[in-house]
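Every number here is computed from the coordinates shown, using simple stated rules; none is lab data. Just so it is clear, the structure is predicted and the values come from calculations on it, not from any experiment. Virtual Cβ from ideal backbone geometry, glycine too; neighbours counted across all protein chains shown.
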Amino acid sequence: MFFTSYAGSTGDRGPVQRFHIDVQNEIYSVLGRTPSAEGRLKHPEPASGPGPAVLDCRALLVLYSAEYVDDAQCAKEWSVFAERMDRRTRRTGERPDSLVGIVWRTDALVLPRPVTAVRHIVDEEYQGPGLLGLQQDPRGRDRYQGIVRRVAARLMRAAELPPPVMSEPESRTVAPRFGPSHAVPCRRRDVVEPATEPPKAPAAASGRDARHMMLLLVAGTADRMRHLRGQVACYGGSAEEWRPFHPYSEETVTSTVGWAARACGVDRLAVVAPGPDDPLPYDIDESATVLVVVDPWLTGDPAFRALWERIAWSRARVAAVVVVLARTDEESTAEATRLREAVSRTPTRMLDAAHHEAGSREALAHIVVAVMADSVARPDDDMGGARARTGELTIESPAERRVRRQRERVGWLRRGANPWPPVMSRTPGESLGPG
C-alpha cells in the first residue's frame, strides 16, 4: 500500500521502525490486516537506486531531515515517485494526493524548492523539534498519536487513486530533482571565467588523518538476559538491537554511537558484538579508536569474565569503557549499587582505559564525542608519549606502559611460575630478589 522513505545515515532505524509500525497498526484498525493494506519500510542498507517498492507502491511516506535532502538515494526515490505522479496528471488532468510527508528532524533542515512546491507535509504548522522529538518526549505522546492518525488517514485516501507503475529501466532515466548534485551553484553562461589549472587529485589520507572507530558491544540477547534480569523488553534477537533507554527512546546503542561518531568526522565505524564463545577479530586496526560499551547486567553471566579477558588480551587498544546504566530503567536504578559493584569486581583495569557511566542517550553521545576528542589530541610519536629532551624526566604513556607490561609477562612465563629466587639464596646479592 505505502512505502516509508527515510535517510538511513541518521541512525534512527529504531524510532523510524516504531513510527512505521504505529502508522501500519492504525491502517490495520480501519482496513483490516490484509496484504493490500500492508506498508513496506526502506531497507537500512544503502543501494545505488530506488527499491522495487518505490516503483509500484500506491503512496509514499517521506520522513524529511537534513540528511534526507542531501542523500542521493533518497532524492532518487522521491524524484521517481514524483515522476509517477506527474504521469498521472498528464494522463488524467488530476494531481494525485499520493505523497505524504512529515518533518522527522528539524536540525539544519532546509527543504528544497521541488519539495515545498507540493503541499503534502502533515502538521506543517508545527514548529517544534520534529516528529522524532515528539516520539521521545513523554509529554508529546498525545500530539504524536494525533499525527500518526492523520498520516494513516492521508495514506488511505492516497491509495484510492494511485499513480501508474514504473518499470526499473524507466526509473533509471529519471533525474533527481534535489540532492548532492543540486547543491553546487550554477555558473552563469554569459560570464567567461579565467582558465585555471586542472584540480589535482587529493592525496590519500594518512593513518593519522583518517579517523576510524571500533565499537565493542558487550551486551546480550533477549533469550540470554531472561536468566539475568526480569525486564527484557529493551533487548532483541542480537546484541546490536539493545535499546537500553526503552521505552522513552527506541535508539539502539549502535545507532547512538554511530550518530555521535559521524558528527565527530569518523570515516569508518566497525561494530563487533562478541558472544560468550566468539573469538575477537585478530586483524584489528591499531589506529582505530576502540570504545567498549558494557551492559552491567551481563556481569551475572558466568562467561562474562572470560569474554573480558579475551578483550584485554586482544590487539585492541581500548580508549574508553562505557557502562550503560539507564536512569529511566526502574529495575536498573533499583539495582544500581549492586551492578556498579559487580562491574568493579571484573578485571576492568586490565584494559588500561578511561571508564565512564552513561545514564541517558544524550550522555552516551557526549561520551563518544569526548573520547574522540581525546584520541585526536594524542602526541605525535609512535608510542603515544611525549618526546622529552635530554636530561628531562620522561612520563610513561599508556602505550609504553602496555608494551612494558607485555614484555614483563613474557619474561615471567620464560622464567617459570616462581621466577624469584628464595629469600635465603646461596648466591650473594640475591637474598632480596633481583635488583
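One table, with the values for the structure above:
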| read-out | value |
| --- | --- |
| Extension gain (nm, one decimal) between GLN231 and THR116, 0.36 nm per residue minus Cα-Cα | 36.9 nm |
| Region 5-45 versus region 99-148: alpha-carbon centroid distance in Å | 16 Å |
| ³J(HN,Hα) computed for each position of region 115-123 - Karplus, 6.51 cos²θ - 1.76 cosθ + 1.60, integer Hz, glycine/proline x | 6, 6, 6, 10, 7, 8, 8, 6, 6 |
| Computed E for ASP267/ALA312 - FRET, C-beta separation, R0 22 angstrom, nearest 0.05 | 0.25 |
| FRET efficiency for THR173 and SER360, using Cβ-Cβ distance with R0 set to 41 Å, rounded to 0.05 | 0.30 |
| Dipole in debye (nearest 20) - region 2-181, about Cα centre, beta carbon charges: Lys, Arg +1; Asp, Glu -1 | 380 debye |
| Long-range amide H partners of ALA270 with built H, under 5 Å | MET213, MET214, LEU215 |
| Neighbour net charge for VAL23 - beta-carbon separation under 11 angstrom, K R +1, D E -1 | +2 |
